[in-house]
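Asker: First, the structure itself, so that you have it in front of you.
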Amino acid sequence: MTSAAEGVLGQGPAPDSDGKVKSFLRLVMIEHSVFALPFAYTAALTAMYQVDKNIHWWTLFLVTVCMVGLRTFAMACNRIIDREIDARNPRTANRELVTGAVSVRSAWTGAGIAVVVFLGAAALLNPLCLALAPLAVIPMVVYPYGKRFTNFPHAILGLAQAIGPIGAWLAVTGEWSWDAVILGLAVGVWIGGFDLIFACQDVQADRAHGVMSVPARFGIPAALWGARASAVVTTGLLVWYALATDAGVFFWVGLVIVVAAFCYEHSIVKPHDLSRLNRAFFTVNGFIGMALFVCALLDLLVRGLTP
């Protein structure tokens with residue numbers, strides 16, 4: 001079925017194959033993998049350290065394929081399911097499915113390829129990863145519908161993101177780990193929290209069109225306080241993870257950097273001034289993930305992890 005936006009805007013000129021690929025990559029914002037990948041690597045490398053202190057590069061590669069494949073599937077589904085909402089919001093009206101730069105059929109094709117790649121990589125890891133992989137797909141599809149039935153879709157996003165570190169640990173050991181759950185919860189609360197900040201810019205459009213979110217229901221000040229509380233909880237979970245895994249000095253240095261970044265992030269976004277929201281959302285949170293990963297990697301190498 002042709003969406004209302006596509007009916008009004010048309011499909012536009014058909015791009016060449018390279019153009020289609022580039023448009024699809026823009027659609028799924030492939031560069032945003034930087035938010036979740038560092039924590040998956042941290043979990044995988046910590047598990048490798050605990051198993052035999054050796055980096056297993058093939059496993060790490062498959063973890064990367066799983067993470068990118070599942071995230072690409074999730075983003076494509078998000079854009080497809082939300083395309084009519086996006087068309088009514090001035091901020092998102094230029095997205096590829098709204099303008100016709102990417103057709104719905106192409107988006108579904110890309111999503112299908114991505115989920116097959118994810119399942120294939122999971123199958124190459126171990127039986128437990130393959131058995132649990134379909135369960136990981138569910139919140140990725142539920143999340144975009146969340147804004148239609150709950151004021152807290154950010155929590156569903158957090159649940160979806162928490163899967164990454166847990167899955168990465170399972171990929172290495174083939175066994176359940178509560179340490180990985182702690183790190184997964186930290187990632188989920190962190191990402192759900194900064195999604196509260198991101199949603200603040202759409203309050204007027206969301207209220208006008210019945211899109212549900214914490215800022216739309218409770219207001220921007222409440223959402224920002226929720227994001228601050230999420231940062232505090234995330235810090236506490238990361239401290240718990242450090243203690244549970246006997247982390248060394250470099251990991252603790254990374255935690256100090258994370259806390260400083262959180263303080264900066266929440267100092268530049270105010271209820272009456274969202275002008276630096278993109279810096280808080282993209283730049284600071286991208287830095288947080290990379291900084292903590294680098295410190296965690298240094299810590300593991302100093303303690304004896306062998307490349």
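Asker: If you go through segment 273-288 one residue at a time, do you hit one that is modelled with pLDDT of 90 or more, in a helix (DSSP H, G or I) and buried (at least 16 other Cβ atoms within 10 Å of the Cβ)? First the steps, then the outcome.
Answerer: Our first condition is that a residue be modelled with pLDDT of 90 or more; within segment 273-288, this holds for 287-288.
Next, from what is left, pick out any that are in a helix (DSSP H, G or I): 287-288.
In the following step, the residues that additionally are buried (at least 16 other Cβ atoms within 10 Å of the Cβ) were identified as 287-288.
Among the residues of segment 273-288, at least one is modelled with pLDDT of 90 or more, in a helix (DSSP H, G or I) and buried (at least 16 other Cβ atoms within 10 Å of the Cβ), which makes the answer yes.
Asker: All but one of (1) on the phi < 0 side of the Ramachandran plot; (2) over 28 Å from the mean Cα position of the chain (by Cα); (3) at pLDDT below 75 hold for Ala5; state the number of the condition that does not hold.
Answerer: For Ala5, the exception is condition (2).
Asker: Limited to segment 289-307, what total is found for residues that are touching a Lys or Arg at 6+ places or on another chain (Cβ under 9 Å) and loosely packed, with under 15 Cβ neighbours inside 10 Å? Break it down stepwise before answering.
Answerer: Step one: filter segment 289-307 for residues touching a Lys or Arg at 6+ places or on another chain (Cβ under 9 Å), giving 300, 303-306.
Then drop every residue that is not loosely packed, with under 15 Cβ neighbours inside 10 Å, which leaves 304, 306.
Qualifying residue count, segment 289-307: 2.
Asker: So, of the residues in segment 175-222 that are more than 19 Å from the chain's Cα centre (by Cα) and of a type in the set (Gly, Ala, Ser), which turns out to be farthest from Pro153 (Cα to Cα)?
Answerer: The selected residue is Ser177.
Asker: Just to be sure, is Phe262 within 16 Å of Gly289 (Cβ to Cβ), in contact with a Cys (Cβ under 7 Å, 6 or more places away or on another chain) and either surrounded by 14 or more Cβ atoms within 10 Å (Cβ to Cβ) or aromatic (Phe, Trp, Tyr) (or both)?
Answerer: So Phe262 fails the test.
Asker: Now for a separate question. Among the helices (runs of 4 or more DSSP H) confined wholly to segment 48-128, which include 2 or more residues that are touching a Pro at 6+ places or on another chain (Cβ under 7 Å)? Explain how you work it out, then say what you get.
Answerer: On the way: elements: 57-81, 83-88, 96-99, 104-125.
Of the helices (runs of 4 or more DSSP H) lying wholly inside segment 48-128, those with at least 2 residues that are touching a Pro at 6+ places or on another chain (Cβ under 7 Å) span 57-81.
Asker: I need every pair where a residue in segment 164-178 that is touching a residue at least 60 places away in the same chain (Cβ under 8 Å) and within 21 Å of Val137 (Cβ to Cβ) has its Cβ under 8 Å from the Cβ of a residue that is acidic (Asp, Glu) and not in a loop (DSSP other than H, G, I, E, B), sequence separation at least 6 or different chains.
Answerer: Short answer, once both residue conditions are applied: Trp169/Asp179.
Asker: For Ala111, indicate whether it is surrounded by 15 or more Cβ atoms within 10 Å (Cβ to Cβ), without any contact (Cβ under 8 Å) to a residue 40 or more places away in the chain and of a type in the set (A, V, I, L, M, F, W, C).
Answerer: Details: surrounded by 15 or more Cβ atoms within 10 Å (Cβ to Cβ): yes; without any contact (Cβ under 8 Å) to a residue 40 or more places away in the chain: yes; of a type in the set (A, V, I, L, M, F, W, C): yes.
Here the answer is yes, as Ala111 does meet what is asked.
The values are calculated or read from the model by the stated rules, or taken from the named source; none is laboratory data. A quick note: this is a predicted structure, and the numbers were derived from the prediction, not measured. In this analysis, Cβ positions are derived from the backbone assuming ideal geometry, glycine residues included, and neighbour counts consider all displayed protein chains.
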